[in-house]
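Just below is one structure, and these are the notes that go with it.
The numbers here are math on the coordinates, done by the rules we state, and not lab data. Please read all numbers here as calculations on a predicted model, not as lab measurements. Here the Cβ is made from the backbone with ideal geometry for all residues, glycine too, and neighbour counts use every protein chain on show.
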Amino acid sequence: MDERDCITTVEELKGLYGEVGRGAIAKQTDHIHAVYRPFIEAAPFAILSTVGPNGVESSPRGDPAGFVHVEDEKTLILPDRRGNNRIDSLRNIIADPRVALLFIIPGIGETIRVNGTAEISIRPDYLKRFAMGNRPPVSVLRVSVHTVFFQCSRAVVRAELWNEKSRVDRSTLPSAGDILRELSHNEIDGKAYDKALPQRVIDTLY
């Protein structure tokens, strides 16, 4: 690649993109402002980003709306639900506590971005608070908030994310079993995996 085609300095970036709009600056706070709290409490889905020795990791997190609790204006608490035990995000947090959260609400164009640092907690009262039925999470993340701001709807509008006509038929893409069969060189029975998957998801949701 020709280096002349690459932007390598902040000055070059500023020259390319121009001045930051007043609104883009005004929207950022260093805490969970009252105007942002309803968005976090309405979100059933968030993407957690972490960074560690092996690079950057982004992980989906979801539960009923409000699953991320606003402890106070500088603190968020979220459960780490049952998964595949890779614990990539948690390993990263041990190495580097910096995290970012992107909150997404179905049907809403704006998203909320939170940056901060996290610690992994097994406090009994936290685990009890997030129990679903009689199944508490293994741990919870306590996030110290550094910056909060909303992202405008342009990306969602461009993607037509909430447009029913944009929905993709699942059968047009490889199934989970297809992927595992292919990548395991047929060591994993893909058809059996797909057949068992719906019930396994229900049985292991929490």
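A few points about this structure:
- Cα pair distances in the chain, grouped into 5 Å bins until the bin that holds the longest one, percent each: 1, 6, 11, 14, 15, 16, 15, 11, 6, 4, 2, 0
- A simple spin-label model places the labels of I202 and N134 2.0 nm from each other, with each point 7 Å out along Cα-to-Cβ.
- Ranked by how many other beta carbons lie within 10 Å on average, peptides 164-172, 62-70 from highest: 62-70, 164-172
- Helix-only CD estimate at 222 nm, as mean residue ellipticity for the chain, using -39500 (n - 2.57) per DSSP H run (n ≥ 4): -8000 deg cm²/dmol
- The stretch between L127 and V51 holds 24.9 nm of extra length on full extension. This uses 0.36 nm per residue minus the Cα-Cα distance.
- Taking packing as the residue-averaged number of other Cβ atoms within 10 angstrom, the listed peptides 113-121, 9-17 run from highest to lowest as 113-121, 9-17.
- Under the simplified labelling scheme, the N85-D72 pair shows an inter-label distance of 3.7 nm, with each label point 7 Å from Cα along Cα→Cβ.
- Stretching E119 away from R154 to a fully extended chain increases their span by 9.3 nm, per 0.36 nm per residue minus the current alpha-carbon distance.
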